[in-house]
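The values are calculated or read from the model by the stated rules, or taken from the named source; none is laboratory data. Quick caveat: nothing in here was measured; it's all calculated off a predicted structure. Counting neighbours? That spans all protein chains shown, and the Cβs are built from the backbone with ideal geometry, glycine included. Surface accessibility is based on the protein's heavy atoms, side chains included, excluding ligands, DNA and RNA. Shrake-Rupley method; radii C 1.70, N 1.55, O 1.52, S 1.80 Å.
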Amino acid sequence: MIIVTGGAGFIGSNFVLDWLAKHDEPVLTLDKLTYAGNLDNLRSLEGDARHTFVHGDIGDRELVARLLAEHRPRVIINFAAESHVDRSILGPGEFIQTNVVGTFNLLEAVRAYWSGLPDAERGAFRFLHVSTDEVYGSLEAGDAPFAETHQYQPNSPYSASKAASDHLVRAYLHTYGVPVLTTNCSNNYGPYHFPEKLIPLIILNALNGKPLPIYGDGLNIRDWLYVGDHCAAIRRVVEAGVVGETYNVGGWNEKTNIDVVRAICGILDELKPRADGRPYAEQITFVKDRPGHDRRYAIDARKLERELGWRPAETFDTGIRKTVQWYLDHPEWIANVTSGAYREWVTQQYG
Ligand code: NAD
Ligand code: DAU
């Protein structure tokens, strides 16, 4: 069986659902259920004997040790993290606690478990750490996309905490021999994306007749990847990745933020026109920039393609259309995630 940490969040839940749609190998999801963790995402697995949910913290070494001893996973995939850059700017403490200290405690429990395994199981075991392209810092226009060899230059408390966790993971291979793999992925989008992040926030604000907030001049660039493609990449790295290697994951879809927002507005104009017949783009509003806002991210995913044969199945156009449609089809999910605590965040961040 495999253990997935952070499996009630956006990417983790997509991963668990996709895994069980493709394999019969059981999954144990360990998740602290922070504001970003949502059991609704895994609702379709209720009663499925292949899935077990455990409410807990990756930093709880005793709990993790108990789960490892009891379930004897062959793979652990670590998605658990605090993941929103704006929250890390307002309050970095939780990011250090989960992303750095939590990952450290998880690694300690994994090291103890792995070193006690019989030879064959020890050789086959893998710990995959899910990380981000943000650890590489910011690119200027015309710079080559981030390759795996790019220097780490994190600029936000979030990316610095993820960089620290990547370094710890690397050290556990080099010092103790724990068989680790790391993936560094670009911006994901798709179903179950919590609406504090750009794409779901814009879809929901548009539908609710609210301003569509664009930080700064709207010309910051992100490299977008449909979440299902990220999950496929992780499955491939688990299956065939070389221990100790890092793999960059990206969709070759660099877009300015303003272009992303205009694309969403255009799809909504088509699928769910405004009652007054005016275009959604009229709701676009430029707001104060994010402090230290990285200008451009772009991923060079050629290593993953060359060595493991992974390629994204979705283009930005197909993926964003599916995503907008998913939000239109899931008003109940939206209503549940946008209750109390979410409203407080929106007021704090946007006034
Ligand atoms: P998310 O915020 O939607 O989900 C994080 C999940 O982790 C939540 O379910 C939360 O409850 C859980 N969690 C938080 N702290 C925990 C703890 N201490 N113990 C156990 N569970 C805990 O995040 P996401 O967007 O799904 O990102 C998942 C991972 O992928 C993160 O490590 C993130 O850094 C990385 N990543 C995200 C993106 C992206 O675009 N979203 C891109 C590249 C990499
Ligand atoms: O690159 C991978 C990273 O992508 C992940 O590691 C992070 O977990 C994930 O949150 C994401 O980080 P970003 O900061 O790039 O994503 P976000 O959706 O917050 O913002 C995308 C861009 O849109 C960024 O340039 C900031 C801008 N933005 C964001 C919000 C929320 C706006 O202009 N307005 C907004 O209201």
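Odds and ends about this structure:
- Put simply, the amide H of L181, placed in the peptide plane, has neighbours under 5 Å in F127, L128, H129, G244, leaving out anything fewer than 5 places away on its chain.
- Taking amide H as placed 1.01 Å from N in the peptide plane, L212 has its amide H under 5 Å from the amide H of I284, T285, each at least 5 places away in sequence or on another chain.
- Rounded to whole Hz, the Karplus (6.51, -1.76, 1.60) HN-Hα couplings of the stretch 13-28, x for glycine and proline: 5, 4, 5, 4, 5, 5, 4, 6, 6, 10, 10, 9, 5, x, 10, 10
- Computed 3J(HN,Hα) for the stretch 249-265, one whole-Hz value per residue from the Karplus formula 6.51 cos²θ - 1.76 cosθ + 1.60 where θ = phi - 60°, is 10, x, x, 6, 10, 6, 9, 6, 4, 5, 5, 4, 5, 5, 5, 4, 4, glycine and proline marked x.
- Rounded accessible area per residue of the chain, 1.4 Å, Å²: 42 Å²
- Kirkwood hydrodynamic radius of the chain, Cα pairs, Å: 20.7 Å
- Additional length obtainable on full extension of the chain from Y342 to Y176, 0.36 nm per residue less Cα span: 55.6 nm
- Pairwise centroid distance, computed over Cα atoms, of the stretch 290-305 with the stretch 308-328, Å: 18 Å
- Heavy-atom accessible surface of the chain: percent carbon and sulfur, 1.4 Å: 51 percent
- Label point 7 Å beyond Cα of R74 along Cβ direction - residues of the stretch 1-35 with amide nitrogen under 11 Å: 1-2, 25-26
- Among the listed pairs K22/K322; K197/K303; K255/K288; K22/K303; K255/K303; K162/K272, those beyond 31 Å (Cα-Cα): K162/K272
- Karplus-based coupling profile of the stretch 59-74, in residue order and whole Hz: x, 8, 4, 5, 4, 5, 4, 5, 5, 5, 5, 6, 9, 6, x, 8, with θ = phi - 60° in 6.51 cos²θ - 1.76 cosθ + 1.60 and x standing for Gly or Pro.
- Stokes-Einstein translational diffusion, the stretch 171-269 - Kirkwood Rh over all Cα pairs, 0.890 mPa s, 25 °C, in µm²/s: 157 µm²/s
- Cut-off under 5 Å, modelled amide H: who pairs with R290 long-range: G216
- Between the stretch 205-275 and the stretch 49-127, the alpha-carbon center distance in angstrom: 27 Å
- Candidate cross-link partners of K32 among the aspartates and glutamates, defined by an alpha-carbon separation under 14 Å and a same-chain spacing of 8 or more, comprise D57, D60, E82, E94.
- The Cα atoms of the stretch 63-168 give a gyration tensor whose axes a ≥ b ≥ c have a/c of 1.5 or more with a/b no greater than b/c, which makes the shape oblate.
- Shape class of the stretch 195-346 from the alpha-carbon gyration tensor: prolate, with a/c at 1.5 or above and a/b greater than b/c.
- Residue-averaged [θ]222 nm for the chain, counting only DSSP H segments that reach four residues, each worth -39500 (n - 2.57): -13000 deg cm²/dmol
- Helix 227-240 and the longest principal axis of the C-alpha atoms of the chain enclose an angle of approximately 20°.
- Legend: calculated FRET efficiency, Q97 to K272, from the Cβ-Cβ distance at R0 = 30 Å, rounded to 0.05, equals 0.15.
- Residues of the stretch 182-202 with an amide N closer than 20 Å to a point placed 7 Å from the Cα of S44 along the Cα-to-Cβ direction: 188-195, 200.
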